[in-house]
Structure formats: C-alpha cells, structure tokens
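Asks: Handing you this structure, nothing more for now.
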Amino acid sequence: MIEKEDSIISEEEAAQYDRQIRLWGLDAQKRLRGSRVLLVGLQGLGAEVAKNLILAGVKGLTLLDHEQVCLTGCPRDLMVRIDQVCAQKNVKVFCGDVFGYHGYMFSNLGPEHHFVEEKAKVVKPSEDANDRPEAKKPRVDPTETTMVKKTASFCSLKEALEIDWTNEKAKAGLKRTPADYFLLQVLLKFRTDKGRDPHPGTFAEDSSLLQQIRDDVLEAQGLGSELLSDNFVSHCFSEMAPVCAVVGGVLAQEIVKALSQRDPPHRNFFFFDGSKGSGVVDYFGAK
C-alpha cells in the first residue's frame, strides 16, 4: 500500500539514502518512504526480504509469521486463494520459497502495472549534417537519458501453474522451459500431500516419494519424466542460507521496483539453481 507522498525529504534522509536516490531518483524514493508492506513468513527467505526492504527505506513493514498462514511455506491451494483475494482488492502479490539449492519467486502485479524506465536518448541528426548516409541516421547518446513510461501485464498464480502443454504454442516452448518450473510443482504437491517440506531426517522416504510425485505430476500434464532427472532429489532438502540470500535479495528488489514504479519488473517467475550458481526469469500464463 502506498500512502500520500510527503513532498519534503529531510537532509538526514537525503544523506542516508543518497546512493539509492542517485540510482532510481527522488520520486521513486518518495514512493518507497510512503509504502507499507505486509511480509508473510519469517524463515530464512523472509528474513532476507525483511532486511532488504528495511534498508531500502519503506515507511512500514508488518511481519506475520504463523505456520498455518505462512505464504512462503504454505500449500499450493492456499497460495492460489490468497492470490485471488489480493487480485480482487487490487493488491500486488509476491511469493517465494527456497528448497535446498533451489529457490523461486513469483509476482502478480495485476493486469496493468505502470512503471518508468530510463533509456539512452536518441538524438536526431541536425539539418546541417553532411550528406553521408550514416550522418543522417538517428544515434544513441549514452550521456543523455530520458524516462519512458511503460505498462506490463501479469496473470494469476493459478494460470501460471496450470499451463496446457497440449497447446501447440506451449509445446513449441517446452525445450526452453527451465526444469525448476516443474520442480516447483513437484515440491508444492509434496507439501500439500505431507503438510511439510522434504526433510533430511527422512531422506530415503522423501526421495522415493518425490520421484513418484514427479512421475504423477508430469504424467498428468501429458509430459515425460525425463524433463526432471532423478538427481533432483539430492538438492531440494532444507533451506540453504546462500540461496536464501540470493532469492531474498531478488524478491526484495522486485518489491521495491513495484512500489517505486521504477524499472521493468521480473515477469513473472525467477528461478535460482544454487548448484549451478545461475538464475533465470521466465513468464508462464496468458500473454
């Protein structure tokens, strides 16, 4: 929620947030200082997000942590319902979780999210330019920038998780789909069935169940189990602190961008694979 912006920033605040103001501008910082955020879930990932939002300078951060309502640790159906309720109230939604070496974040900023992006200014050739063809072409001046207004659309979590892979367009993009998208579905199904996440104390039992869920989930979507190799079970137990730091940093950054309406948001999933040290942004759902 963004409250009415105060037009005056004190000298103390200007000094404290000097680097941020230089990065995304005074107007964006004013929006941040007028924003209140509800953060649900205070495990490893939630703690990282809370730290980064506080350092960014939001006006208020309300912390809610209870196992039965924890958005970063709840069953798939509950997350879908929360997303639907927030959509009805025009409230932006962010979800995230870390499973061992793997982490993700999802955002639903509504059908129309407006933001501005800083672009290098295109300079038109002057009328007295010489006759050479290259002199008459517009050129990009990296020393001058302009703010461009843009709009991005997002879909619900339900739509994003229920892709029809029998559709020809979806089939064509299957090879480019990150395996972490299917891994997320397997882990959410495990959480729904067992009421918990995979635990190192029951590694053998949970590994076997994860592989069975993998087969069931992919078969139900008309897909083969080769999309998620058997060794995935070795890397999705517990919360790894370094993965929490990476995913928490990205998630907090996306919340700041949404509140400040500055820079393009990640649309709509970010997946991080700690075993490879790499992340990917991909969109799933209605275009």
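The values are calculated or read from the model by the stated rules, or taken from the named source; none is laboratory data. Just so it is clear, the structure is predicted and the values come from calculations on it, not from any experiment. Cβ atoms come from the backbone with ideal geometry, glycine included; neighbour counts cover every protein chain shown. With ligands, DNA and RNA removed, areas are computed over all heavy atoms of the protein, side chains included. Shrake-Rupley method; radii C 1.70, N 1.55, O 1.52, S 1.80 Å.
Asks: Compute the distance in nm between two label points, each set 7 Å from the Cα along the Cα-to-Cβ direction, one at Asp27 and one at Arg176.
Replies: So the two model labels end up 3.3 nm from each other.
Asks: On to the next question. Applying the Karplus parametrisation 6.51 cos²θ - 1.76 cosθ + 1.60 with θ = phi - 60° to the phi angles of the stretch 100-106, what ³J(HN,Hα) value in whole Hz is obtained for each residue in order, glycine and proline being reported as x?
Replies: x, 7, 10, x, 8, 9, 10
Asks: When the chain is modelled as a GNM with alpha-carbon springs shorter than 10 Å, which of Val247, Val122, Val58 fluctuates the most?
Replies: Checking each option, the largest mean-square fluctuation is seen for Val122.
Asks: Continuing with the same structure: 5 Å is the cut-off here: which amide hydrogens, built 1.01 Å from N in the peptide plane, fall below it relative to Cys236, excluding neighbours closer than 5 in sequence?
Replies: Amide H to amide H, under 5 Å and 5 or more residues apart or across chains, Cys236 pairs with Tyr101.
Asks: What is the packing order of peptides 213-221, 140-148, taking the mean over residues of other C-beta atoms within 10 Å and listing the highest first?
Replies: Result, highest mean Cβ count within 10 Å first: 213-221, 140-148.
Asks: For Cα Rg over 2.2 N^0.38 Å, pick the label among (1) 1.04; (2) 0.99; (3) 1.16 that corresponds to the value derived from the coordinates.
Replies: Given (1) 1.04; (2) 0.99; (3) 1.16, the calculated one carries the label (3).
Asks: Let me ask something additional. Kindly list the residues of the stretch 71-108 that lie in the label zone of Glu162, defined by a backbone N under 15 Å from the point 7 Å along the Cα-to-C-beta vector.
Replies: 76-85
Asks: Residues with amide H under 5 Å of Lys121's amide H, sequence separation 5 or more or different chain, H placed in the peptide plane at 1.01 Å from N; which?
Replies: Asp141, Glu144, Thr145, Thr146
Asks: Measuring from label point to label point, each 7 Å out along Cα→Cβ, what is the Lys89 to Ser275 span in nm?
Replies: 3.9 nm
Asks: Can you tell me the length gained on complete extension of the stretch Asp141 to Ser229, counting 0.36 nm per residue apart and subtracting the Cα distance?
Replies: Separation in residues times 0.36 nm, less the Cα-Cα distance, equals 26.9 nm.
Asks: Sticking with this one: Tell me, what % of the accessible area of the stretch 161-234 is carbon and sulfur with a 1.4 angstrom probe?
Replies: 50 percent
Asks: Sticking with this structure for a sec: What residues qualify as long-range amide H neighbours of Val37, i.e. H under 5 Å apart, gap of 5 or more or another chain, H built at 1.01 Å from N?
Replies: Gly60, Leu61, Thr62
Asks: For the stretch 149-287, what class follows from the C-alpha gyration tensor (a ≥ b ≥ c being the square roots of its eigenvalues): rounded when a/c is under 1.5, otherwise prolate if a/b is larger than b/c, else oblate?
Replies: Judged from the Cα gyration tensor, the stretch 149-287 comes out oblate (a/c at least 1.5, b/c at or above a/b).
Asks: Given a cut-off of under 8 Å on Cα pairs at least six residues apart, what relative contact order in percent is computed for the chain?
Replies: Relative contact order comes out at 24 percent.
Asks: Provide the gained length on full extension for the span Glu12 to Asp282, in nm with one decimal, where the gain is 0.36 nm per separating residue minus the Cα-Cα distance.
Replies: Full-extension gain reported as 93.2 nm.
Asks: I'd like the Karplus ³J(HN,Hα) series for the stretch 224-234: coefficients 6.51, -1.76, 1.60, θ = phi - 60°, whole numbers in Hz, and an x wherever there's a Gly or Pro.
Replies: Using θ = phi - 60°, the values come out as x, 5, 5, 5, 9, 5, 4, 6, 4, 5, 7 Hz.
Asks: Could you give the DSSP H helices of the chain that reach 27 angstrom or more along their long axis (alpha carbon positions) and whose average Kyte-Doolittle hydropathy is no lower than -1.0?
Replies: 241-260
Asks: At R0 = 45 Å, how high is the FRET efficiency between Ala241 and Val123 if r is their beta carbon distance? Nearest 0.05 is fine.
Replies: Plugging the Cβ-Cβ distance into 1/(1 + (r/R0)^6) gives 0.40.
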